[in-house]
1. Test each condition in (1) small (G, A, S); (2) more than 19 Å from the chain's Cα centre (by Cα); (3) over 24 Å from P18 (Cβ atoms) for A47 and report the one that comes out false.
2. Please go through region 6-37 and give me each residue that is under 22 Å from L102 (Cα atoms) and modelled with pLDDT under 70, ordered by number.
3. Tell me, which residue of region 146-160 that is touching an Asp or Glu at 6+ places or on another chain (Cβ under 8 Å) and open to solvent by 80 Å² or more (accessible area, probe 1.4 Å) is modelled with the highest pLDDT?
4. Restricting to region 59-99, what's the tally of residues that are of a type in the set (A, V, I, L, M) and open to solvent by 70 Å² or more (accessible area, probe 1.4 Å)?
5. Output the number of residues of region 66-120 satisfying the condition of being closer than 30 Å to K54 by Cα and either aliphatic (A, V, I, L, M) or in a helix (DSSP H, G or I) (or both).
6. Only one of I251, I229 is closer than 23 Å to G66 by Cβ and open to solvent by less than 50 Å² (accessible area, probe 1.4 Å). Can you tell me which?
7. Checking the conditions here, which among T166, T191, T198 is among the β-branched types (V, I, T) and open to solvent by less than 60 Å² (accessible area, probe 1.4 Å)?
8. Only one residue in D188, D169 is out of contact with any Phe, Trp or Tyr (no Cβ under 8 Å at 6 or more places or on another chain), more than 22 Å from G33 (Cβ to Cβ) and assigned to a helix (DSSP H, G or I). Which one?
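The values are calculated or read from the model by the stated rules, or taken from the named source; none is laboratory data. If you're wondering where the values come from, they're calculated on a predicted model, not measured in any experiment. Cβ: placed from backbone, ideal geometry, glycine included. Neighbour counts: every protein chain shown. Quick note on the areas: whole protein, heavy atoms, side chains included, nothing else; ligands and nucleic acids left out. Shrake-Rupley method; radii C 1.70, N 1.55, O 1.52, S 1.80 Å.
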Amino acid sequence: MTSSESEMQARLLAQALPFMQKYEHKTIVVKYGGHAMGDTSLGKAFAEDIALLKQSGINPIVVHGGGPQIGAMLSKMGIESKFEGGLRVTDAKTVEIVEMVLAGSINKEIVALINQTGEWAIGLCGKDGNMVFAEKAKKTVIDPDSNIERVLDLGFVGEVVEVDRTLLDLLAKSEMIPVIAPVAPGRDGATYNINADTFAGAIAGALHASRLLFLTDVEGVLDKNKELIKELTVSQARALIKDGTISGGMIPKVETCIEAIKAGVQGVVILNGKTPHSVLLEIFTEGAGTLIVP
């Protein structure tokens with residue numbers, strides 16, 4: 001390494017130090033999924049980011065999704081994927097596959113990637129330690145022809161109704177990094193598949209996390225000129241939804257951010273998970289995505 005390269009590394013470390021101090025002993029929940037999850041090099045970079053957070057004295061918690069992988073496995077098993085109002089209908093047979101894929105193969109793959117960095121990750125789902133309880137999701141849609149509201153029956157699709165932080169508090173005091181699949185039991189004894197974004201928001205809210213990071217396939221929230229908006233308050237975000245600046249698939253993402261803040265998260269970030277080391281860029285620099293605050 002040349003002296004100029006050494007000097008550059010020293011400057012970068014010096015610039016990161018205030019951010020390390022800011023988040024020391026704080027909880028950061030990272031929702032991992034989508035495009036970043038299917039890329040080997042991005043997966044390795046993500047695992048390195050999570051390991052470095054832990055080594056910096058931060059308490060990272062990973063919540064992951066797996067929609068494409070679930071769809072692929074259902075197809076492989078000869079089970080047709082059905083959707084209502086854009087949401088996957090999850091019958092008894094499907095929820096078994098969902099649990100197998102989310103809490104099994106995907107979860108352990110992420111755990112293995114983090115463990116390869118030398119840190120200790122542990123794979124969990126909402127069932128472990130009675131961490132999360134869910135109930136059947138109540139979703140309604142407006143029929144475009146009749147304009148009549150109807151209730152969707154999505155089967156074993158759930159909504160979080162309770163988070164017990166006991167296990168996560170114990171893990172925070174250990175060397176373990178929790179990697180959590182969004183599957184949870186109901187008080188009725190059923191198993192429920194939960195949207196990973198809302199699951200991550202519920203976990204982060206219960207822990208009053210300093211940050212909740214949503215890794216997506218876009219830079220963040222864009223203004224009307226398609227420029228990145230670095231920071232928004234909840235009221236500003238609502239105004240941008242109302243005037244159409246925030247539209248399409250970004251609306252439910254931002255609404256989930258707002259719900260997480262209402263639940264107790266100090267700040268929620270939407271950022272591009274396709275950028276290598278995006279987590280480090282967000283936490284240890286001036287920010288890489290859109291920060292939404294109360």
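1. (2)
2. First, pick out the residues of region 6-37 that are under 22 Å from L102 (Cα atoms): 28-37.
Of everything in region 6-37, those that are under 22 Å from L102 (Cα atoms) and modelled with pLDDT under 70 turn out to be G34, H35, A36.
3. Of everything passing the filter in region 146-160, D153 is modelled with the highest pLDDT.
4. The first filter runs over region 59-99 and keeps only residues of a type in the set (A, V, I, L, M), leaving 61-63, 70, 72-74, 77, 79, 87, 89, 92, 95, 97-98.
From what is left, the residues that are open to solvent by 70 Å² or more (accessible area, probe 1.4 Å) are 77.
Within region 59-99, residues that are of a type in the set (A, V, I, L, M) and open to solvent by 70 Å² or more (accessible area, probe 1.4 Å) number 1.
5. Result for region 66-120: 22.
6. Testing whether each residue is closer than 23 Å to G66 by Cβ and open to solvent by less than 50 Å² (accessible area, probe 1.4 Å) leaves just I251.
7. After applying the criteria, what remains is T191.
8. Of the residues listed, the single one that is out of contact with any Phe, Trp or Tyr (no Cβ under 8 Å at 6 or more places or on another chain), more than 22 Å from G33 (Cβ to Cβ) and assigned to a helix (DSSP H, G or I) is D169.
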